[in-house]
Each structure stands twice: as structure tokens, then as C-alpha cells.
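Chemist: This structure is in C-alpha cells; I'll ask about it shortly.
The values are calculated or read from the model by the stated rules, or taken from the named source; none is laboratory data. Fair warning: this is a prediction, and the values are worked out from it, not measured in the lab. Cβ sites come from the backbone with ideal geometry, for glycine too, and all protein chains shown count toward neighbours. To get the accessible areas, we keep the full protein, side chains included, count just its heavy atoms, and leave off ligands, DNA and RNA. Shrake-Rupley method; radii C 1.70, N 1.55, O 1.52, S 1.80 Å.
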Amino acid sequence: MKTVLITGGAGFIGCHLASALLANGYRVRVLDCLVDQVHQAGTPLRLPEDAEFFEGDVRDREKVAQALRGVDSVVHLAAEVGVGQSMYAIDRYVSVNDLGTAVLFQHLIDNPVRRVIVASSMSIYGEGLYRRADGTLVEDAERREGRPGHWDPVDGRGQPLQPVPTPEGKRPSLASVYALSKYVQERLTLTVCAAYGMEGVALRLFNVYGPGQALSNPYTGVLAIFASRLLNGRPPLVFEDGQQRRDFVHATDVARAFALALEHPAAPGNVYNIGSGEHRTIAEVGQVLAEAMGRPDIAPEITGKARAGDIRHCFADIAKAEAELGFRPERDFVEGLAELAEWVAQQEAVDRADEARRELEARGLVA
């Protein structure tokens with residue numbers, strides 16, 4: 001029986017993945033430091049009982065060595081997550097995300113495993129792919145100074161651009177410290193694995209949602225933040241005009257993607273987008289979630305302000321993952337939101353969205 005180590009595996013995605021791998025006949029070991037921002041004091045772990053749990057930081061060489069003993073493959077999820085927070089907690093994000101990955105691979109040099117899969121991020125693209133009116137594609141679209149009515153990127157002549165699905169070949173445009181750190185994680189994985197006879201794979205995750213998200217973490221996924229607000233009778237806070245477009249993919253689909261990437265012979269050395277292949281505006285998502293939670297009377301609050309590091313449109317082209325891994329998202333978005341709403345109704349959440357916005361505004365990161 002193969003043993004898989006999931007770093008950061010006690011988090012939202014890790015718990016879904018652990019369940020999926022156990023169901024597929026793997027032994028699962030988890031290394032997680034249970035950071036307070038994600039794991040609120042007194043909150044029980046949601047890991048399946050059959051998963052072996054090691055409490056420890058991915059930057060702790062001894063803990064990493066212990067967790068890797070007898071392991072066949074690694075899924076590297078351990079990371080600080082949040083574009084906005086990364087712009088002022090720079091040392092923390094770079095330390096956990098990049099030093100943590102370096103510590104992991106320093107040990108793997110002398111104790112290699114078969115395959116390492118790292119959770120990368122759609123944030124490395126910056127702005128997604130765009131098309132001009134004449135049909136030519138634009139990979140390096142840049143936004144003007146964000147102000148009401150001028151949120152969307154334009155070409156060099158000031159003409160509007162049409163957002164289109166973003167493929168893996170689109171050049172990175174690293175617009176935040178978080179994006180920089182995730183790109184380093186991705187490149188370290190592919191570079192070191194190739195040099196030492198291991199198989200490296202990177203999955204660029206889009207906006208993951210589903211039961212188990214950290215509702216009291218104001219820097220987690222947008223749906224969890226919105227759900228926390230609605231649970232407390234407050235409107236979701238939507239930056240800019242709410243018309244920015246994103247791709248939302250259910251955590252169970254993401255777990256299946258990791259399971260496919262663990263075994264598929266085509267995966268090593270490759271990068272794959274993992275999303276739903278669909279896109280929606282943030283304002284639309286806020287309203288649909290409010291309806292699913294039985295609060296259609298609470299409309300999203302459109303702030304008309306932009307955050308440093310944010311991008312306008314980015315949604316996934318998943319053709320490569322479909323063709324090479326056989327990955328196809330199965331969860332319907334509206335049904336997934338209903339499931340999320342049912343789970344949220346049984347939770348308690350501290351709404352810290354206003355606190356997070358004040359932190360950003362105090363540092364001049366919201367305009």
C-alpha cells in the first residue's frame with residue numbers, strides 16, 4: 001500500500017484530499033502546524049480518522065524528516081494564502097511558502113520519493129489572457145490606475161480587451177508577494193525533482209470552494225469570506241464594481257485532480273490548470289450565495305475601491321488537464337453553493353472582513 005504525505009493537509013483542501021486518497025486505497029500522513037488564522041482555537045480537526053497526523057511546521061527540518069519516513073509520494077499544500085495579506089506580511093509569506101518548500105526538498109535530495117505534486121495558484125498569471133477586437137491575443141494586459149468606470153485593461157491604443165480562458169502557456173505576471181511565492185514553490189518543485197530523479201507536477205488551482213473552508217479567516221477564498229459575512233447578517237464586501245470574473249471549482253473536484261496527478265504517467269514535468277472551465281462575476285456570486293443561505297435581502301456591498309495586487313479577470317482553460325489527465329469537473333456550481341450554505345448554517349464564524357480591510361487601508365493598499 002502506497003503512503004502519501006500531505007503537507008498542510010489539515011486545511012480545507014487537504015482534508016478533502018485525504019478522504020479521497022484513503023478511499024482510493026492509499027495510506028495518508030499529514031504534516032500541519034495548525035496555524036491560528038486557519039485553525040481557530042478549540043476547533044476540532046476535520047481530518048478523517050484513518051489519516052496519520054504529525055503536528056509540525058514545514059520549515060522544521062526534524063519534523064519534515066520524521067513525516068517523510070516511509071513515504072512514496074508528497075502532495076505539497078503547506079502555504080500561507082492570501083493576496084492582500086501577502087503585501088504587508090512579506091517575511092511570513094516568503095518564509096512559509098518558499099523557505100518551507102526549500103526545507104522539504106533539502107531533505108528529499110537524500111531521501112527521494114517517487115512523485116511530488118505542488119499546489120500552485122492561478123495568481124501567478126496576474127491578469128488572465130485577453131483578445132483584441134482584431135482577434136490577436138494579449139498576454140501582458142495591464143490595468144490603468146483603478147478608478148470607477150476604468151477597471152478593465154485596455155491595449156496600447158486604449159481600446160478595450162475581451163477576457164478569454166487562460167491556458168498554462170500564458171506568461172506569468174506576478175502582481176503580489178503571494179503570486180511570487182507560489183511561483184517559486186512551483187519552479188522549485190519542477191526543477192529539483194528533475195535534477196534528482198523524482199517526478200514533479202504542479203497544479204495551478206483556481207478559486208476553490210466547498211464545506212470545510214476557514215470561515216473566520218478574512219484572507220481565505222472569497223466564498224468563505226462572503227459566507228462569514230452573510231452568516232453574521234452583513235453584506236459581502238465586493239471590491240471595484242463587482243464585475244471582475246473568476247473560475248470557481250469545488251474542493252472534491254480539486255481532490256480528484258490531485259489523485260489523478262499522483263498516478264498518471266503523463267503528469268511528471270507538467271503544469272496543469274485546475275478549475276471548472278466556467279466563469280462568473282464576483283457580484284453575481286455574492287448574490288447567488290446570499291440566496292442559497294436564505295438571505296436574498298442582503299445584497300453585496302460594492303466598495304468601488306481596488307486592492308493592491310488584485311487582477312481584473314482570470315478564468316481557466318482546462319483543456320490540457322482534460323486531455324492529459326482525464327480531469328473533468330463534476331460538481332455543478334449552484335448545487336455546490338447549496339451544499340456550502342447547508343454546511344455554513346451549522347457553523348459559527350467571526351466576521352473579520354472589516355478588520356482585514358482596515359489593515360489594507362492603513363498601509364495604503366486599498367484605493
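Chemist: Shape call for the stretch 102-229 from the C-alpha gyration tensor, a ≥ b ≥ c root eigenvalues: rounded (a/c under 1.5), prolate (a/b greater than b/c) or oblate? Walk me through the intermediate numbers first.
Modeler: Details: a/c = 2.73, a/b = 1.49, b/c = 1.83.
Oblate, because a/c is 1.5 or more while a/b does not exceed b/c.
Chemist: Collect residues whose amide H, placed 1.01 Å from N in the peptide plane, falls under 5 Å from the amide H of V164; neighbours closer than 5 in sequence don't count.
Modeler: HN-HN under 5 Å from V164: L129, Y130, R131.
Chemist: How big is Rg to Rh over the stretch 1-148, alpha-carbon atoms, Rh as the Kirkwood inverse-mean-distance radius?
Modeler: Numbers: Rg = 18.5 Å, Rh = 17.2 Å.
Rg/Rh for the stretch 1-148 comes to 1.08.
Chemist: What shape does the stretch 231-359 have by the C-alpha gyration tensor, where a ≥ b ≥ c are the square roots of the eigenvalues, rounded means a/c under 1.5, and otherwise prolate means a/b greater than b/c and oblate the rest?
Modeler: Details: a/c = 2.28, a/b = 1.68, b/c = 1.36.
Prolate is the answer for the stretch 231-359, as a/c is 1.5 or above and a/b outweighs b/c.
Chemist: Another question, if that's okay. Nearest 500 deg cm²/dmol is fine: what mean residue ellipticity at 222 nm does the chain get from its DSSP H runs of n ≥ 4 alone, each adding -39,500 (n - 2.57), divided by its residue count?
Modeler: On the way: 12 runs with 122 residues, N = 367.
Helix-only estimate at 222 nm: -10000 deg cm²/dmol.
Chemist: Moving to a separate point now. Which ³J(HN,Hα) values in Hz, rounded to whole numbers, follow from the phi angles of the stretch 290-301 under the Karplus curve 6.51 cos²θ - 1.76 cosθ + 1.60, where θ = phi - 60° and Gly and Pro get x?
Modeler: With the stated coefficients, the stretch 290-301 comes to 4, 5, 5, 8, x, 10, x, 6, 9, 7, x, 8 Hz.
Chemist: Based on DSSP, what percent of beta bridges with both residues in the stretch 37-188 are antiparallel, to the nearest 5? Numbers along the way, then the final one.
Modeler: Working: 7 of 11 bridges.
Of all bridge pairs located within the stretch 37-188, approximately 65 percent are antiparallel.
Chemist: Continuing with this model, one more query. Can you tell me the accessible area per residue over the stretch 51-165, all protein chains present, probe 1.4 angstrom, in square angstrom? Don't skip to the answer; put the middle values down first.
Modeler: Details: 5370 Å² over 115 residues.
That works out to 47 Å² for each residue.
Chemist: DSSP beta bridges in the chain, what fraction antiparallel, as a percent rounded to 5? Could the numbers behind the result be given before it?
Modeler: Working: 10 of 46 bridges.
The antiparallel proportion sits near 20 percent.
Chemist: Shifting gears a bit: Quick one: which residues, 5+ away or cross-chain, put their amide H under 5 Å from the amide H of S120? H built at 1.01 Å from N.
Modeler: L203, R204, L205
Chemist: Give me the one-decimal nm value for the distance between modelled label points at E142 and Y88, 7 Å along each residue's Cα-to-Cβ direction.
Modeler: Taking the simple label geometry, E142 and Y88 are separated by 2.6 nm.
Chemist: Next up: Enumerate the calculated ³J(HN,Hα) couplings along the stretch 192-205 in order (Karplus 6.51 cos²θ - 1.76 cosθ + 1.60, θ = phi - 60°), each rounded to whole Hz, writing x wherever the residue is Gly or Pro.
Modeler: 6, 4, 5, 6, 10, x, 9, 9, x, 9, 10, 10, 8, 7
Chemist: Please compute the alpha carbon radius of gyration of the stretch 217-283, then divide it by the globular-protein estimate 2.2 N^0.38 Å. Two decimals is fine. Numbers along the way, then the final one.
Modeler: Working: Rg = 15.8 Å, N = 67, 2.2 N^0.38 = 10.9 Å.
The reported ratio for this selection is 1.45.
Chemist: Could you give each residue of the stretch 331-336 its phi-based ³J(HN,Hα) in whole Hz, using Karplus coefficients 6.51, -1.76, 1.60 with θ = phi - 60°, and x for Gly or Pro?
Modeler: Computed from phi, the couplings for the stretch 331-336 are 7, 5, 5, 5, 5, x Hz.
Chemist: Okay, moving on. Which residue, A341, A251, A194, tops the fluctuation ranking in a GNM of the chain built on C-alpha contacts under 10 Å?
Modeler: Highest fluctuation of the listed residues: A194.
Chemist: Given 0.36 nm per residue, what is the gain on full extension from A133 to A194 after removing their alpha carbon distance, in nm? Provide the component values of the computation, followed by the final result.
Modeler: Numbers: separation 61, 0.36 × 61 = 21.96 nm, distance 4.12 nm.
Result for the pair: 17.8 nm of gain on full extension.
Chemist: Also: Reachable lysines from K182, Cα under 17 Å, same-chain residues fewer than 8 places away excluded?
Modeler: Candidates past the 8-residue exclusion: K170.
Chemist: At most 12 other Cβ atoms within 10 Å plus a DSSP loop assignment makes a site exposed; report the longest stretch of the chain without any exposed GluC sites (Glu not before Pro). Write out the running numbers ahead of the final one.
Modeler: Details: sites that count: E49, E145, E330, E348.
Answer from the scan: 146-329.
Chemist: Follow-up. Accessible area of the chain with a 1.4 Å probe: how many percent of it is carbon plus sulfur? If you can, show how the numbers build up before the last one.
Modeler: Numbers: 7410 of 15450 Å².
Answer for the chain: carbon and sulfur cover 48 percent of the accessible area.
Chemist: Work out, step by step, the length gained on full extension between D60 and R234: first 0.36 nm times the residue separation, then minus their alpha carbon distance; give nm to one decimal.
Modeler: Gain on stretching D60 to R234: 58.6 nm.
Chemist: Let me ask something else about it. If I model the chain as equal point scatterers sitting on the Cα atoms and use the Debye formula, what is log10 I(q)/I(0) at q = 0.08, 0.09, 0.11 Å⁻¹?
Modeler: The Debye formula, applied to the Cα set alone, gives -0.38, -0.48, -0.73.
Chemist: Next up: So the label point goes 7 Å from the Cα of Q162 along Cα→C-beta, right? Which residues of the stretch 119-139 then have their backbone N under 17 Å from it?
Modeler: Residues 128-139 fall inside that zone.
Chemist: Also: At a Förster distance of 22 Å, what's the computed FRET efficiency of V334 paired with Q243, Cβ-Cβ distance as r, to 0.05?
Modeler: Details: r = 20 Å, r/R0 = 0.91.
The computed FRET efficiency comes out at 0.65.
Chemist: Give the long-range amide H neighbours of V154: residues separated by 5 or more places, or on another chain, with amide H under 5 Å away, using H modelled in the peptide plane at 1.01 Å from N.
Modeler: Amide H neighbours of V154, under 5 Å, 5+ apart: E142, R144.
Chemist: Now for a separate question. Suppose we keep just the alpha-carbon trace of the stretch 264-320; what are its Rg and Dmax in angstrom?
Modeler: 16.8, 50
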